[in-house]
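Take a look at the structure below.
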Amino acid sequence: MSEQSIEYLKTNFGINPDIFEELAILKIGNEVYIMNKDAISFKQLKTCHRGIKLAQLFSHSIRLSTGAVQLFGKFATKNTIQLNYAEAIMFAQGKEIIPRNKPIPNIDGLVIAQYKQFPIGIGNYKEGKLKSMITRSQVLRFGWRKRKTKYKGALPL
Amino acid sequence: MQLPDKFLNRYKPIIPDFDQFIEALNRPLKTVIRLNTLKGEKEEILSLLFDYQLEPIPWYPLAYRIKNDIHIGNRLEHFLGLVYAQEAASMIPPLILDPKPQEKVLDIAAAPGSKTTQMACLMKNTGLIVANDSNRKRIQPLIANLDRLGTLNVVVTNKKGERLGELMPKFFDRVLVDVPCSLEGMVRKNTDALIRWSESNIIRLSMLQKALLVSAFRTLKPGGVLVYSTCTIAPEENEAVVSFLLERNENAQLEPVKLPGLITRPGLTQWHRSRFHPDLVKAARIYPQDNDTESFFIAKIKKLNSNV
């Protein structure tokens, strides 16, 4: 059942399953994780997490994790779209954009959005618009600032 | 507000160039980033940082100090997991531990994962890192960082570090013991670090640190290497803890802490009325006036045979 995700990557994005040969897949409930073989064979202690999340399985679909797309998306040979910097930022923020480029091949459906050689995440391309499918909890947020301090005064010189 | 007098009086006799030390504490600490080579090559990542004014960290080719005002958490390259904001001194313990591909490594107090992800880079995502943290609330941020940086060789456990020695004796090739501490060394980054400062807290922490170090040493294979580190200046949390281990384990041997380009000061062999193991001069004290970092303490310990 876990191989479903690898098959999905091959069918939808042309990612050669051979790149996963040295890795292992672990299915926990409807979530699929990917890791190296040492990590999956570790049995000495109860673990909270192994490797990274690869995908979430639904009854009729699979949602790839953004982390996995960013790591393995560079091996995609089809259904990718190249974004410019401004588009990449908006896509990472979870927005819908009208990208300047078209996907390769130019058909509607799920695509891996890339900025230069770096995959950003999965988007749904339809009629010239690209909807970011990055989950709300993971999107790029502005407004991060350095931590404020409660310690007001200067230190002694 | 000033640094507590008790704090100043306590450390003036042991910190070299004390005036420069205080002066360095007053200088703002610039953000330092580490390039994550699990997700891209160094030159590829650097090509994205076109508007950064970067100053290389002399002792780590993947680390750079940002000289202009950039909020790294708002940036695409951070979202992509290509860079990780990490204080320069905090990058030293993994470099001293020097984990190799295919080895088994324990990070006994891993959250939020700065050093774990750095070690995954050094190991090229091979072998095994057991990233343990006893605090359940800190596990989720740890996992989020592992996912963002793309670590495939890490398992996360939520055990009391003090128990790992009995649960996994002689299992690991290398162990990182970066323990919870009184955070004195972080005052440049976070001046709140001294709000709850007290000597009684230092004593309480040193007991936990001794238990963690003894447990960690038990998990180490003969011939294995352990690095003990803190971001504090207190000798009770540093030399006293390492001395405690050395005095009880003949097969524990201190090794010198050296990185080309890094200025270090030797560990102490005495403090007030306590005398520490003479080999502690091989440990390293890192001060802000020397490398423009936070303060850190690092000791490298080798396990010589299988008597423990």
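Within the option set A:K37, A:K74, being under 27 Å from B:D107 (Cα atoms) and open to solvent by 20 Å² or more (accessible area, probe 1.4 Å) holds for one residue only, A:K37.
What do you reckon, is B:M207 more than 14 Å from chain A (Cβ to nearest Cβ) and at pLDDT 90 or above? Outline the logic, then answer.
Details: more than 14 Å from chain A (Cβ to nearest Cβ): yes; at pLDDT 90 or above: yes.
It is true that B:M207 is more than 14 Å from chain A (Cβ to nearest Cβ) and at pLDDT 90 or above.
Do we have any residue at all in the stretch B:227-235 that's touching a residue at least 12 places away in the same chain (Cβ under 8 Å) and in a helix (DSSP H, G or I)? The answer is yes; a qualifying residue exists. The set of residues in the stretch A:77-96 being open to solvent by less than 10 Å² (accessible area, probe 1.4 Å) and away from every other protein chain (no Cβ under 14 Å) consists of A:I81 alone.
Within the stretch B:221-241, does at least one residue satisfy the condition of being farther than 18 Å from B:A89 by Cα, of a type in the set (S, T, N, Q) and surrounded by 19 or more Cβ atoms within 10 Å (Cβ to Cβ)? No, the stretch B:221-241 has no match at all. Among the conditions (1) outside any loop (DSSP other than H, G, I, E, B); (2) under 30 Å from A:F20 (Cα atoms), B:N201 misses just one, which is (2).
Confirm whether B:I129 is open to solvent by less than 10 Å² (accessible area, probe 1.4 Å) and either assigned to a helix (DSSP H, G or I) or closer than 30 Å to B:F7 by Cβ (or both).
Values: open to solvent by less than 10 Å² (accessible area, probe 1.4 Å): yes; either assigned to a helix (DSSP H, G or I) or closer than 30 Å to B:F7 by Cβ (or both): no.
Spelling it out, it is not the case that B:I129 is open to solvent by less than 10 Å² (accessible area, probe 1.4 Å) and either assigned to a helix (DSSP H, G or I) or closer than 30 Å to B:F7 by Cβ (or both).
Of the listed requirements (1) open to solvent by 20 Å² or more (accessible area, probe 1.4 Å); (2) at the interface with chain A (Cβ under 7 Å from one of its Cβ atoms); (3) touching a residue at least 24 places away in the same chain (Cβ under 8 Å), B:N190 misses just one: (3).
Could you please let me know if B:P169 is surrounded by fewer than 23 Cβ atoms within 10 Å (Cβ to Cβ), in contact (Cβ under 8 Å) with a residue 40 or more places away in the chain and closer than 30 Å to B:P288 by Cα? It is false that B:P169 is surrounded by fewer than 23 Cβ atoms within 10 Å (Cβ to Cβ), in contact (Cβ under 8 Å) with a residue 40 or more places away in the chain and closer than 30 Å to B:P288 by Cα.
The set of residues from the stretch A:12-65 being charged (D, E, K, R), more than 12 Å from chain B (Cβ to nearest Cβ) and assigned to a loop (DSSP other than H, G, I, E, B) comprises just one member, A:E21.
Under the condition of being within 21 Å of the chain's Cα centre (by Cα) and within 14 Å of chain A (Cβ to nearest Cβ), the residues counted in the stretch B:34-62 number 4.
Looking across the stretch B:6-21, the residues that are surrounded by 12 or more Cβ atoms within 10 Å (Cβ to Cβ) and farther than 22 Å from B:T269 by Cβ come down to B:F7, B:L8, B:Q20.
Could you count how many residues in the stretch B:263-290 are crowded, with 22+ Cβ neighbours inside 10 Å and either more than 18 Å from B:D178 (Cα to Cα) or of a type in the set (S, T, N, Q) (or both)? Going through the stretch B:263-290 one residue at a time, the tally reaches 2. Just one of the numbered conditions (1) in contact with a strand residue (DSSP E or B) (Cβ under 7 Å, 6 or more places away or on another chain); (2) at negative phi; (3) in a loop (DSSP other than H, G, I, E, B) is not true of B:K170: (2). Scanning the stretch B:142-167 for residues that are in a loop (DSSP other than H, G, I, E, B) and away from chain A (no Cβ under 11 Å) turns up just one, B:K160.
The values are calculated or read from the model by the stated rules, or taken from the named source; none is laboratory data. Just so you know, these numbers come straight off a predicted model, no measurement behind them. Using ideal geometry, Cβ is built from the backbone for each residue, glycine included, and neighbour counts are taken over all protein chains shown. Calculation scope for accessible area: heavy atoms of the full protein, side chains included, ligands and nucleic acids excluded. Shrake-Rupley method; radii C 1.70, N 1.55, O 1.52, S 1.80 Å.
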